1. Taking neighbour Cβ counts within 10 Å as the exposure measure, how do I12, I118, I485 sort from fewest upward?
2. Near the amide H of S194, under 5 Å away, which other amide H atoms are found, from residues 5 or more places off or on another chain, if H is placed in the peptide plane?
3. Going through region 379-428, which GluC sites (Glu not before Pro) have at most 15 other Cβ atoms within 10 Å and a DSSP loop state?
4. Please order H70, H202 by the number of other Cβ within 10 Å, starting at the fewest.
5. With the radius of gyration and the Kirkwood radius both derived from the Cα set of region 160-226, what is their ratio Rg to Rh?
6. Where in region 90-148 are there GluC sites (Glu not before Pro) that are in a DSSP coil and have at most 12 other Cβ atoms within 10 angstrom of their Cβ?
7. Loop only by DSSP, 11 or fewer other Cβ within 10 Å of the Cβ. Give me the trypsin sites (Lys or Arg not before Pro) in region 187-236 that pass, ordered by residue number.
8. Place a point 7 Å from the Cα of L318 along the Cα-to-Cβ direction; which residues of region 339-361 have their backbone N under 13 Å from it?
Amino acid sequence: MNYNTEYDFVIIGAGLGGLSCAAILAEEGHSVIVLEKNNQIGGNLQTFSRNKVIFDTGVHYLGGLEKGQHLERFFHFFDIMKGLKIKKMDEDAFDIIHFGNEKTMYHLGQGYDNFKRILLEQFPNEKKAIDTYCDYIQSICKNFPLYNLELSDKDYRNEEFLTWNAHDVITKLTDNKRLQAVLSGNSLLYAGKSDSTPFYVHALIVNSYIQSAWKCLNGGSQIAKLMLKKIRSLKGDILKRAEVVDAIYEDGKVKEVVLRNGKKIKGKNFISNMHPASTIEAFGKTNFRKSYTSRIESLPNTSSSFSLHVVFKKDTFLHKNSNIYHFEKEETVWNANGKVDENWPHSFLFSNSPDISDSEYAATASILTYMDYEEVKKWEHSKSTVHEPNEREADYIAFKQKCEQKVIEVAAKIIPNFKESIAQYYSSTPLTYRDYIGDPTGAMYGIQNDSNSPVKSMMNPRTKIPNLFLTGQNINLHGILGVTISAFVTCFHFVDKAKLIAKLNEER
């Protein structure tokens, strides 16, 4: 690349949102460059390797990848579908829900008919509630045109269904508290909170997994690598270790961004894939209206997380082609409790990956649980990445080790042969996610959506700076599908959206 080049689009952040914008705009003939502060692209798609095996940091499974389904059609548009190495999860139990010290496991099946059949076997007197739940999910999803690869001029921001609270909708379906908890059992996918999570968030996310659920073999980073290959084939540039720390303005517009190393990148338009709060910091708080910055600062983020990454001894732990969601009790489903007290962790997601040489056994597993940023705030002055390796304090290391043992002990009570099969383990805290993902508090899913004030937590891609736009998980919806849709919403400001949607729906 040439630092004197003025790009049509300078995109900050090589998470899936930034990569998707780059691919869309480069396909339209625009010159693009993506700036990534880390050594690895992908955002939540990043992986890391230990003991010659790969771990995912954020993407443990994907939904809607059957031919013709939503995410498959987006990936086909980007020409990456054929390059993905994926494996379909157990059709009768892609997710398993578990409570307390019980032996009973509740299964969620793929395909709506199968989903209903399996739940009815476990709750034979709840047919009406199960049918109504599925009807609600599917009807809500129809209200979001782009989710269904359609266009509409309808402004749905004032629709009443946006104020439907997920916890309230599900609890009103039935008096059976166990069924309520099972239907909400994968709430870690959106950091569910009983007083604020909208039902539409629950519906849009859960629907894609009920359609079909898949694991990425060799990690989710393959998605980012395929997107990188696509962008480069379209003559787009990607610059790693390029953290944006400032911006230079001319006539009220951004003229160029300044990197930490002092280099400058010129552009006609700028798209930030960073958290809105981080965008304001990088582009200068004084350049935004006070009301806008105050609004962003007032919006709560979702909980952050602690992850335990395990390497198994060879041929010791049988691979489970399902995820396990464990909760201390039924009420814990909606608590999103990340305070490290004597009973922590109160819930977790267990996901394992097969050994490539022998898929009967698992090579690795990751356990994801909530952890509040406040638990690590005392060490927030420290920073450590592959690009900028630094040792954190001894008391931080001791805290991590204590948390590792707590997670291992709780998981060992639920998952047979887990503890005995461990060869090595590693962990990540909210500080790890903050440093690698760029979210100010390491939040799993960015800004918390709120059924009490749904429009307040929705971000417009356009900012008051005429040539600065936003994309990513805070614009529309988090997750692989949500972030991909958000990229299209951002790019609609620059391309003919009718033609773009037509391309998405082209026959193959």
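Values in this text are rule-based calculations from the coordinates and carry no lab data. These numbers were taken from a predicted model, which means no experiment stands behind them. Don't worry about glycine lacking a Cβ; one is built from the backbone with ideal geometry, like all the others, and counts go over all protein chains shown.
1. Going from sparsest to densest Cβ surroundings: I118, I485, I12.
2. none
3. Counting only loop positions with at most 15 other Cβ atoms within 10 Å, the GluC sites (Glu not before Pro) in region 379-428 are E380, E391, E393.
4. Values: H70 23, H202 27.
Ordered from fewest to most neighbouring Cβ atoms within 10 Å, H70, H202 come out as H70, H202.
5. On the Cα set of region 160-226, Rg over Rh gives 1.09.
6. Values: sites: E91, E102, E121, E126; in loops: E91, E102, E126.
Answer in residue order: E102.
7. Details: sites: K193, K215, K225, K229, K230, R232, K235; in loops: K193, K235.
The qualifying sites are K235.
8. Once the point is set 7 Å along Cα→Cβ of L318, 360-361 turn out to lie under 13 Å by backbone N, inside region 339-361.
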